Amino acid sequence: MPPTDHRPHDGSPERVLLDATPGPLHPAARETLLAALDAGWADPRRRHREGRTARRLLDTAREVLAGGLGVRPPELSLLPGGPPALTAGLEGLRHARRRSGTRVVLSAVEHSALLAPARAHAAAAGDPDLVAEVPVDRAGRVDLAAWAAAVAHPGTAAAALQAANQEVGTRQPLAPARAAGASYGVPLLVDATACLGRDAPPPAGAYDVLVGDARSWGGPTGVGLLVVPERTRWRRPGPPTDVEHGRTDVEPSLPLVLAAAEAWRQAEHDRAAEAAAAAALVDRIRAAAAAVPDVEVVGDPVDRLPHVVTFSALLVDGEVLVDELDRAGVAVASGSACTASTLEPSHVLVAMGVLTHGNVRVTLPLAATLPGGDAERERGVDAFCALLPRVVDAVRERLGTRSL
């Protein structure tokens with residue numbers, strides 16, 4: 001089956017996809033998924049021939065994904081999506097250290113799948129000290145001095161820090177952050193959902209638990225990766241289970257896992273060239289946005305993910321700007337990358353202390369997922385860069401803020 005074609009067929013402008021959160025399924029993963037629906041339907045735990053075939057397929061997929069991450073297959077569990085893997089990863093660390101306390105340390109720009117439960121736990125216990133949200137600088141990078149003080153606090157069970165921010169692209173200093181916690185026996189969960197398949201995987205020494213999401217590299221929805229190295233103390237709350245090394249009670253979908261493994265194989269093969277091409281396109285978007293009056297481009301300009309850029313336009317409503325770009329044929333996003341269903345300002349931009357209104361987020365899709373490949377993506381970026389100043393100016397004029 002050919003990849004999804006984003007071009008309209010009703011005479012409207014050609015579509016430009018600049019919001020890959022998630023992006024299209026990799027065409028090789030789609031083919032694998034369809035074939036796996038016929039070949040991988042059986043329960044891998046059964047002893048009959050079909051079950052043994054399913055087990056071999058699952059083991060092979062696990063080896064591909066574990067090998068790409070530089071871990072042993074038994075250290076990798078497959079959960080039903082990235083957010084469930086994040087929640088399970090942190091809860092397992094906290095539960096294993098419950099005798100030491102239940103306090104968790106997070107950066108203020110972490111995914112809502114971590115921030116919301118941590119806040120809820122503290123609120124239910126009536127103790128706001130049970131969660132520490134460590135501030136970040138204007139680039140979105142965690143304050144290491146504040147981080148070190150937070151993990152030193154008595155009763156801290158675990159800490160979590162993203163490898164790079166999914167909204168502004170800034171990479172985090174994982175090695176010193178983990179070293180600070182290790183001094184006090186506090187393990188670190190690293191959220192790599194934004195970077196796997198697009199950036200180098202975090203090295204094994206930079207985390208105690210690692211989490212990923214197949215959607216990041218062109219895989220399907222419903223496959224989350226949870227890496228628990230042998231050295232890590234981790235225990236799932238609740239009754240014991242024999243599913244996925246005891247780390248979940250939900251059996252992975254074999255067809256989805258096989259598609260995720262094939263997407264990973266393809267993305268890893270192309271990663272260096274893909275990252276270089278995407279970074280060059282993001283540089284062009286950053287320059288085009290910065291050239292528009294009263295527009296602030298946020299995130300680290302150099303030490304960042306290759307495919308993500310966010311900017312904010314003064315005196316413009318972000319949702320209006322996104323709608324106008326959509327009418328012109330360009331799909332972008334606004335608001336928080338992990339709470340897109342709300343109209344609240346992005347908690348990431350709030351934590352960074354940058355402009356939160358008129359926010360536009362661009363996440364480039366993998367070139368291989370587009371019908372026209374690199375050429376289509378480049379044309380889309382060219383069209384967006386040419387269109388942006390006119391759209392911002394038109395929205396300001398309509399709102400009566402152009403001359404303010």
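The values are calculated or read from the model by the stated rules, or taken from the named source; none is laboratory data. None of these values were measured; they are calculated from a predicted model. FYI the Cβ positions are ideal-geometry reconstructions off the backbone, even for glycines, and counts take in every protein chain you see. To get the accessible areas, we keep the full protein, side chains included, count just its heavy atoms, and leave off ligands, DNA and RNA. Shrake-Rupley method; radii C 1.70, N 1.55, O 1.52, S 1.80 Å.
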Condition first: in a helix (DSSP H, G or I), open to solvent by 20 Å² or more (accessible area, probe 1.4 Å) and under 30 Å from F384 (Cα atoms). Now tell me which residues in region 19-38 satisfy that.
P27, A28, R30
Just for region 219-231: of the residues that are open to solvent by 20 Å² or more (accessible area, probe 1.4 Å) and out of contact with any Gly (no Cβ under 9 Å at 6 or more places or on another chain), which one is nearest to G81 (Cα to Cα)?
E230
Within the set of pairs 6+ apart or on separate chains, which have a first residue in region 371-396 that is under 20 Å from A276 (Cα atoms) and at pLDDT 95 or above, a second that is open to solvent by 20 Å² or more (accessible area, probe 1.4 Å) and among the hydroxyl-bearing types (S, T, Y), and C-beta atoms under 7 Å apart?
none
What pairs come up if the first residue lies in region 275-286 and is within 17 Å of F311 (Cβ to Cβ) and touching a residue at least 12 places away in the same chain (Cβ under 8 Å), the second is open to solvent by 30 Å² or more (accessible area, probe 1.4 Å) and among the β-branched types (V, I, T), and their beta carbons are under 9 Å apart, counting only those six or more places apart or on different chains?
I285/V297; R286/V297
With criteria (1) buried (at least 22 other Cβ atoms within 10 Å of the Cβ); (2) at pLDDT 95 or above, G358 comes up short on (2)
Which of the residues that make up region 249-270 are at pLDDT 95 or above, over 15 Å from G197 (Cβ atoms) and touching a Ser or Thr at 6+ places or on another chain (Cβ under 7 Å)?
L258
Only one of these is open to solvent by 40 Å² or more (accessible area, probe 1.4 Å), over 26 Å from D143 (Cβ atoms) and aliphatic (A, V, I, L, M): L69, L79, L65, L57. Name it.
L57
When residues of region 238-269 are filtered for being under 21 Å from L364 (Cβ atoms), loosely packed, with under 15 Cβ neighbours inside 10 Å and among the charged types (D, E, K, R), how many remain?
0
For region 125-137, check the following and say yes or no: at least one residue is among the small types (G, A, S), open to solvent by 10 Å² or more (accessible area, probe 1.4 Å) and under 26 Å from T21 (Cα atoms).
no
Among (1) surrounded by 24 or more Cβ atoms within 10 Å (Cβ to Cβ); (2) farther than 14 Å from L388 by Cβ - the single one R304 does not satisfy:
(1)
The lone condition N165 fails out of (1) more than 26 Å from L364 (Cβ to Cβ); (2) buried (at least 24 other Cβ atoms within 10 Å of the Cβ) is (1)
Out of the residues in region 168-180 that are aliphatic (A, V, I, L, M) and either open to solvent by 10 Å² or more (accessible area, probe 1.4 Å) or in a helix (DSSP H, G or I) (or both), state the one that is farthest from G205 (Cα to Cα).
A180
Taking region 203-218 on its own, how many of its residues are part of a loop (DSSP other than H, G, I, E, B) and open to solvent by 10 Å² or more (accessible area, probe 1.4 Å)?
2
